[in-house]
Amino acid sequence: MNDVLKRTLTPVPVRYLAVPGRPYFVVTFPRRAGVPTAARLATRFGPMRFLFSQVLATREVEGGHRLETQRYAYKLTRASDSQPFVRWEYDRPKSPRVKRCRHHLQGPIRLDLGTRSVSLDEMHLPTGWVTFEEVIRFCIVDLGAQPRSADWNRVLLDSYELFKSQFAPLGEV
């Protein structure tokens, strides 16, 4: 992940933090006072912050361990705001009673639905699996963040292929 981030969007490395007593790792940008920091982006819409978080579980398999995504959150915030204007999230349900979309998009985007207006923050708009490579692509192509190398597209394509071939849970990508 760090090599992909460094060659595409930001030199800020992610850190892997073990959760004491649990088979979980949190992957995020460095923390300050226990709170994850964000990578700063210069975009065509002004300065923004990119927050990155994944929670991975380890599971023993024949011949070693396998990482499984339990949660992810990719958030984009304008530098002047405290809340993200868009966020892609996934949360593996802990109970079959959880009925909302596992993979979803949210943000303070107003939707006019008939006679009512509702914020997308109040809904879980389904997205399917969203990889961090696609969020980086969105930052570069749509937001106009300056890529850190000329071969950024190849870096993202190669990274996704590696994820898909070696790490993605069957049926999740």
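Report the residue, chosen from R110, R49, R40, that carries the largest GNM mean-square fluctuation when the chain is represented by alpha-carbon nodes joined by springs under 10 Å. Result: R110 has the largest fluctuation of those listed. Loop-located chymotrypsin sites (Phe, Trp or Tyr not before Pro) across the range 98-169 with a Cβ neighbour count of 15 or fewer within 10 Å are lacking, with loop assigned by DSSP.
Note on the chain: with a GNM built from Cα contacts shorter than 10 Å, the maximum mean-square fluctuation among V12, V135, V61 falls on V61.
Sequence-ordered 3J(HN,Hα) estimates for the range 84-89 from the Karplus curve with 6.51, -1.76 and 1.60 and θ = phi - 60° stand at x, 8, 7, 8, 9, 9 Hz, glycine and proline given as x. Phi-derived couplings, Karplus 6.51 cos²θ - 1.76 cosθ + 1.60 at θ = phi - 60°, listed residue by residue for the range 31-46: 9, 10, 6, x, 10, x, 8, 10, 7, 7, 10, 9, 10, 5, 9, x Hz, with x used for Gly and Pro.
Quick one: plug the Kirkwood hydrodynamic radius of the range 1-46 (C-alpha pairs) into Stokes-Einstein at 37 °C, 0.692 mPa s, and report D in µm²/s. Rounded, D is 270 µm²/s. Shape of the range 66-121 from its Cα gyration tensor (a ≥ b ≥ c, root eigenvalues): rounded if a/c is under 1.5, otherwise prolate when a/b > b/c, or oblate? Since a/c reaches 1.5 but b/c is at least a/b, the shape of the range 66-121 is classed as oblate. Length gained on full extension, R15 to E68, computed as 0.36 nm times the residue gap minus the Cα-Cα distance: 17.4 nm. Rounded to the nearest whole angstrom, the semi-axes of the ellipsoid equivalent to the range 1-136, taken from the Cα gyration tensor as √(5λ), stand at 27, 22, 13, largest first.
For the residues H103, H65, H124, a GNM of the chain with alpha-carbon springs under 10 Å puts the largest fluctuation on H65.
Readers should treat all values here as calculations from the given coordinates under stated rules, not as data from a laboratory. For clarity, every value in this text was computed on a predicted model and none was experimentally measured. So basically every Cβ, Gly included, is an ideal-geometry build from the backbone, and we count neighbours across all protein chains shown.
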